[in-house]
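In what follows, a single structure is set out as structure tokens and then discussed.
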Amino acid sequence: MLRFLYIILCMSFLSCRTNRPDFDAVSSFAYLKKQCDFGPRNPGSKGYNDCKAYLVEELRKTCDRVDLQNFTYTDKKDTNNKYHGTNIIASTNLDPKKKKRVLICAHWDTRPWADRDPNPANHETPILGANDGASGVAVILEIARLVKGQPLDIGVDFILFDLEDLGDHNYESRPDSLNPYCIGSEYFAKNNKTYFPTYAILLDMVGDKNLDLPIEQNSFAQAKEIVNKVWDAGKRLEKPAFRRAVENSVMDDHIPLLRIGIKAIDIIDFDYPDDSNRYHHALADIPENCSPESLKQVGDVLLEVLYTE
Ligand code: ZN
């Protein structure tokens, strides 16, 4: 009888718990702050170079392999101006027998201009990018640390894309003469012949204190099953930011991935801090307007998804 009871207890324990590690909000927020301590990370700046070295060093501590994909982009408005970009690509669990691989990605560069700042005098000043840049990377660095401590059956890869945020605001109306967004992920997708993960999850602007994550339209249209997997996990874990409503359509680093056939979704809070969006591409994009609890909502959901694969 006692043995029977023991088996029942074990079964119920196993059925309601995965071996998912708990996402450490404090550790992740420290990664966010550390990136901001380098200053703005717009391409070519001191903060950019210092932060790149730091990110590579951190990922080398936790991943099996880290590669740098370097590329050059010529400014369409000033062809003498060349940007040197680097996508940082890190992998865990490279055993070729592990066929299932999941990609988690974010952009690590920050916008060179606060061109949506309420004060026009700031429009040429680089932003700090606590949310738009550092937040997605902070979640990734923490997940890489936790996955190392508690290995998974699947492979997980991380890409920190560069030159996401160089786009000109009216690019859609004049694509031949203005610079686009997502230059690094576009370069990656164009040159990718061999890497096709089971699916990809992009994180962008996930640190807003007032976190609200409706479903992005392109993700829903082209990778609905991955959207369902993630938002179902959000519901299971009772994370209120994961709101089941399809809202904005966003041009982001998941679009080039979708174009080459990778099932990619974007987890993004486009309203920072609310629908006025006044902290976006503005000098107010600072750690004080982000929160560890927001990073934790996203991090716990991602860990739940990874550890239930
Ligand atoms: Zn941006």
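The values are calculated or read from the model by the stated rules, or taken from the named source; none is laboratory data. Predicted model only: the values in this text are computed from it and were never measured. Glycine also receives a Cβ, built like all others from the backbone with ideal geometry; neighbour counts cover every protein chain displayed. Remember, those area values only see protein heavy atoms, side chains included, never the ligands or the DNA or RNA. Shrake-Rupley method; radii C 1.70, N 1.55, O 1.52, S 1.80 Å.
Our compactness index for the chain, the C-alpha radius of gyration over the empirical 2.2 N^0.38 Å, is 1.01. Backbone amide hydrogens, once placed in the peptide plane, bring residue 244 within less than 5 Å of nothing, excluding anything fewer than 5 places away on its chain. The 3J(HN,Hα) values that the Karplus relation (6.51, -1.76, 1.60; θ = phi - 60°) gives for the stretch 104-121 are, in residue order, 10, 9, 6, 9, 9, 7, 10, 6, x, 9, 8, 7, 10, 4, x, 9, x, 5 Hz. Gly and Pro appear as x.
If the viscosity is 0.692 mPa s and the temperature 37 °C, what Stokes-Einstein diffusion coefficient in µm²/s follows for the stretch 21-98 when Rh is the Kirkwood radius over Cα pairs?
Value of D from the Cα-based Kirkwood radius: 222 µm²/s.
A DSSP coil position with no more than 14 other Cβ atoms inside 10 Å describes the following GluC sites (Glu not before Pro) in the stretch 50-143: 124.
DSSP beta bridges in the stretch 151-309, what fraction antiparallel, as a percent rounded to 5? That works out to approximately 10 percent antiparallel. Within the stretch 230-309, the trypsin sites (Lys or Arg not before Pro) that combine a DSSP coil assignment with at most 16 other C-beta atoms in a 10 angstrom radius are 278. Loop-located GluC sites (Glu not before Pro) in the stretch 203-273 (DSSP state not H, G, I, E or B) with no more than 12 neighbouring Cβ atoms inside 10 Å: 238. In the full protein context, the chain carries 45 Å² of accessible surface per residue, based on a 1.4 Å probe and ignoring ligands, DNA and RNA. Taking a sphere under 10 Å around the Cβ of residue 177 and counting the other residues whose Cβ falls inside, with K and R at +1 and D and E at -1, yields a net charge of +1. Taken over the stretch 192-309, the convex hull of the Cα atoms encloses 109 Å³ per residue. In the stretch 9-142, the portion of solvent-accessible area held by carbon and sulfur atoms comes to 53 percent [1.4 Å probe, whole percent, DNA, RNA and ligands not counted]. Of all DSSP beta bridges confined to the chain, the antiparallel ones make up roughly 45%. In the distance distribution for the stretch 83-181, Cα-Cα pairs more than 24 Å apart total 39 percent. In the chain, the DSSP-assigned H stretches of four residues or longer account for a calculated mean residue ellipticity at 222 nm of -11000 deg cm²/dmol, using -39500 (n - 2.57) per stretch and the full residue count as denominator. Can you list the residues of the stretch 209-223 with backbone N under 16 Å from a point 7 Å past the Cα of residue 243, pointing along Cα to Cβ? Taking a point 7 Å out along Cα→Cβ of residue 243, the residues of the stretch 209-223 whose backbone N falls under 16 Å are 209-217.
Across 272, 31, 187, the residue with the most accessible area heads the list, and the full order at a 1.4 Å probe is 187, 31, 272.
For Cα pairs less than 8 Å apart in space and 6+ apart in sequence, what is the mean separation divided by the residue count of the stretch 207-273, i.e. the relative contact order in percent? Taking the mean separation of contacting Cα pairs over the length of the stretch 207-273, I get 51 percent.
Compactness of the stretch 254-298 is given as radius of gyration and Dmax, 13.9, 38 Å, from Cα positions.
Positive end of the dipole of the stretch 171-274 (Cβ unit charges, origin at the Cα centre): among 203, 255, 223, the Cα lying farthest that way belongs to 223.
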